[in-house]
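> Provided herewith is a single structure, encoded as structure tokens, for subsequent inquiry.
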Amino acid sequence: MRYLFFIAAGYCCGSILFAYFLPKIFYHVDITQMSEDKNPGTHNVFKYGNKRVGIEVLILELLKGFLPIYLGAQFLDINNNIFAVVMAAPVLGHAYPLYRHGRGGKAIAVSFGVLMGLYPIITPLCLLILFYLIFSCILRISPDACKSIVTFICFGISSLLLNDSRAVAAGCIIISVIVLHRHRQRGVMENLEVSLFQKELFGR
């Protein structure tokens, strides 16, 4: 029952789309109408809102992933395979909230929050940060959707290989699948560009 409680609590927390509600309620900005991808996510808040609301949303999106996992880890066995579902619940809630008929966000910020909630286990968080840095600063991939796809593919594979806990590794893989599914859309790779530092290696 405790696992079911934290799965439900995590899903409900994840379903609160701060990136949609905060700009609309306090700043009268609907980022889902202004943005091309209609995504209620942190990136669009910074792009179409302002820096202040962007920071507010980012903190809240991280917290809604962090709190259910951090608290759950105090009461649950993180090595139990069901804990993988607990990990994925906030990400699933953000990506597929029931009240918006599954039209949620792409679940990047909440994924970071979930991994932060695993502390003192830091390997998954470090892996995700590492791959985002690699594909942002060294082997640069654009647009952002393509970068996220490649990042989460690498993150999922490396999590399977480098995490000591099978449950945590499984949770990371489920999170990767959810994020990849949210990013999957027709033609997303058509404008792919890859460069090594500033030198373009591939573009179309």
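The values are calculated or read from the model by the stated rules, or taken from the named source; none is laboratory data. Nothing here was measured: the structure is a model prediction, and the numbers come from that model. Don't worry about glycine lacking a Cβ; one is built from the backbone with ideal geometry, like all the others, and counts go over all protein chains shown.
> Give the stretch 11-43 a look and list any residue that's buried (at least 23 other Cβ atoms within 10 Å of the Cβ) and in contact with a Leu (Cβ under 8 Å, 6 or more places away or on another chain), or say none.
14, 18, 40, 42
> In the stretch 128-157, which residues are surrounded by 20 or more Cβ atoms within 10 Å (Cβ to Cβ), in contact with a Leu (Cβ under 8 Å, 6 or more places away or on another chain) and either farther than 22 Å from residue 41 by Cα or hydroxyl-bearing (Ser, Thr, Tyr) (or both)?
Listed by number, the list holds a single entry, 151.
> Among the listed residues 86, 57, which satisfies the condition of being of a type in the set (Val, Ile, Thr), within 19 Å of residue 170 (Cα to Cα) and under 18 Å from the mean Cα position of the chain (by Cα)? Step through it out loud before you land on a result.
Details: 57 fails: within 19 Å of residue 170 (Cα to Cα).
86 is the lone residue from the list that is of a type in the set (Val, Ile, Thr), within 19 Å of residue 170 (Cα to Cα) and under 18 Å from the mean Cα position of the chain (by Cα).
> Just to be sure, is residue 175 of a type in the set (A, V, I, L, M, F, W, C), touching a residue at least 12 places away in the same chain (Cβ under 8 Å) and under 24 Å from residue 65 (Cα atoms)?
Working: of a type in the set (A, V, I, L, M, F, W, C): yes; touching a residue at least 12 places away in the same chain (Cβ under 8 Å): yes; under 24 Å from residue 65 (Cα atoms): yes.
The answer is yes for residue 175.
> Could you check, for the stretch 134-147, whether at least one of its residues is in contact with a strand residue (DSSP E or B) (Cβ under 9 Å, 6 or more places away or on another chain), polar (S, T, N, Q) and in contact (Cβ under 8 Å) with a residue 24 or more places away in the chain?
Yes, the stretch 134-147 contains at least one residue that is in contact with a strand residue (DSSP E or B) (Cβ under 9 Å, 6 or more places away or on another chain), polar (S, T, N, Q) and in contact (Cβ under 8 Å) with a residue 24 or more places away in the chain.
> Still on this model: When the residues of the stretch 1-54 are narrowed to those that are closer than 30 Å to residue 82 by Cα, assigned to a helix (DSSP H, G or I) and among the small types (Gly, Ala, Ser), which ends up modelled with the lowest pLDDT?
Among them, the one singled out is 19.
> Next up: With (1) free of Cβ contacts under 8 Å to residues at least 12 places away in the same chain; (2) farther than 26 Å from residue 119 by Cβ; (3) among the β-branched types (Val, Ile, Thr) as the list, and residue 55 as the residue in question, which single condition is left unmet?
The one condition residue 55 does not meet is (2).
> Now a separate question. For the list (1) aliphatic (A, V, I, L, M); (2) buried (at least 20 other Cβ atoms within 10 Å of the Cβ); (3) over 20 Å from residue 64 (Cα atoms), I need the number of the one condition that residue 118 fails.
Status for residue 118: all satisfied but (3).
> Does the stretch 159-171 include one or more residues that are surrounded by fewer than 20 Cβ atoms within 10 Å (Cβ to Cβ), among the charged types (D, E, K, R) and at pLDDT 90 or above?
Checked against the condition, which is being surrounded by fewer than 20 Cβ atoms within 10 Å (Cβ to Cβ), among the charged types (D, E, K, R) and at pLDDT 90 or above, the stretch 159-171 yields at least one hit.
> OK, next. Hey, could you check the stretch 46-84 for residues that are under 15 Å from residue 107 (Cα atoms), of a type outside the set (Gly, Ala, Ser) and in contact with a Ser or Thr (Cβ under 8 Å, 6 or more places away or on another chain) and say which is surrounded by the most Cβ atoms within 10 Å (Cβ to Cβ)?
Restricting attention to the stretch 46-84, the residues satisfying the condition of being under 15 Å from residue 107 (Cα atoms) are 57-66.
Of the ones still in play, those that are also of a type outside the set (Gly, Ala, Ser) are 57-64, 66.
Okay, now just the ones that are also in contact with a Ser or Thr (Cβ under 8 Å, 6 or more places away or on another chain), so 57-58, 61.
Values: 57: 26, 58: 19, 61: 28.
Here the residue is 61.
> Any residue in the stretch 16-44 that's within 13 Å of residue 57 (Cβ to Cβ): show its pairings with residues that are of a type in the set (Ser, Thr, Tyr) and in a loop (DSSP other than H, G, I, E, B) at Cβ separation under 6 Å, as long as the two are six or more apart or on different chains.
Final answer for the pair search is 44/35.
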